[in-house]
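Notes follow once the structure below has been shown.
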Amino acid sequence: MNHPVHERDALHTVALTLNGRSRAGQARPRLLLSDFLRHELGATGTHVGCEHGVCGACTVRIDGVAQRACLTLAVQVDGRCVDTVEQPQGMDATLDALKAAFKRHHALQCGFCTAGILMSSADWLQRQRSIGHRPDEAEVRDMLSGHLCRCTGYTPIVNAVLEVAHA
């Protein structure tokens, strides 16, 4: 017996620019962007932690703005630009500088939360620079309050972000 396909089950083509490259995949209307990136497009640098938008591990940039991929549906990014931590070197000077600073400051241990922290930090630092502001430690810690890291104690992360902020 054939069952009718309900709209909620129908596959939709989602075409986007992912890290500067045109990509497309199939998604059901309720598929989360985090799952679409990882399972449909193979962009596994976006990690899934809490699936409630609390931990920040899944943070990506959509049209240049940091957003939680676990709170975004894949169909919502059709026609848009999505950047992940896997963005090739040279596409974003701030992200490149942050990656290097994280390495110098040993700002990651297990690395699970790092992708989201890097994406949020790059977005935030670009916004700070656009208004000519050089953030201090308290402001960096406040920005990082939207991310959970169980390994580093945040001090190396803060130092890395401050290094890039003051470069």
Global size of the range 74-141 as Cα Rg and Dmax, reported in angstrom: 13.4, 38
Cut-off under 5 Å, modelled amide H: who pairs with Leu73 long-range: Leu33
Stokes-Einstein D in µm²/s, Kirkwood radius over Cα pairs - the range 122-167 at 20 °C with 1.002 mPa s viscosity: 196 µm²/s
Accessible area of the range 97-167 divided out per residue, in Å², using a probe of 1.4 angstrom: 51 Å²
Protection proxy ranking, peptides 66-75, 10-19, average beta carbon neighbours within 10 Å, highest first: 66-75, 10-19
Largest to smallest accessible area among Met119, Met91, Met143 [probe 1.4 Å]: Met91, Met143, Met119
From phi via Karplus (6.51, -1.76, 1.60), per-residue ³J(HN,Hα) for the range 149-163 in Hz, x at Gly/Pro: 10, 9, 9, 8, x, 6, 4, x, 5, 4, 4, 5, 5, 5, 4
Charge dipole magnitude, Cβ of K and R +1, D and E -1 - the range 16-123, Cα centre, debye nearest 20: 120 debye
log₁₀ of I(q)/I(0) at q = 0.22, 0.23, 0.30 Å⁻¹ - the range 53-112, Debye sum with one point per alpha carbon: -1.01, -1.06, -1.28
Distant-in-sequence amide H partners of Leu18 (H built 1.01 Å from N, under 5 Å): Arg23, Val82
Dimensions in Å of the range 28-78 - Rg and Dmax from alpha carbons: 9.8, 25
Antiparallel DSSP beta bridges within the chain, as percent of all bridges there, nearest 5: 90 percent
Vicinal HN-Hα couplings computed from phi for the range 69-80 (Karplus, 6.51 cos²θ - 1.76 cosθ + 1.60; Hz; Gly/Pro x): 6, 7, 10, 10, 7, 4, 5, 6, 9, 4, x, 10
Kirkwood-Stokes translational diffusion coefficient of the chain, alpha-carbon pairs, 10 °C, 1.306 mPa s, µm²/s: 96 µm²/s
Distance between the range 16-55 and the range 58-89 - C-alpha centres, whole angstrom: 8 Å
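The values are calculated or read from the model by the stated rules, or taken from the named source; none is laboratory data. Everything quoted here is computed from the prediction, not taken from an experiment. Using ideal geometry, Cβ is built from the backbone for each residue, glycine included, and neighbour counts are taken over all protein chains shown. Accessible surface areas use protein heavy atoms only, side chains included; no ligands, DNA or RNA. Shrake-Rupley method; radii C 1.70, N 1.55, O 1.52, S 1.80 Å.
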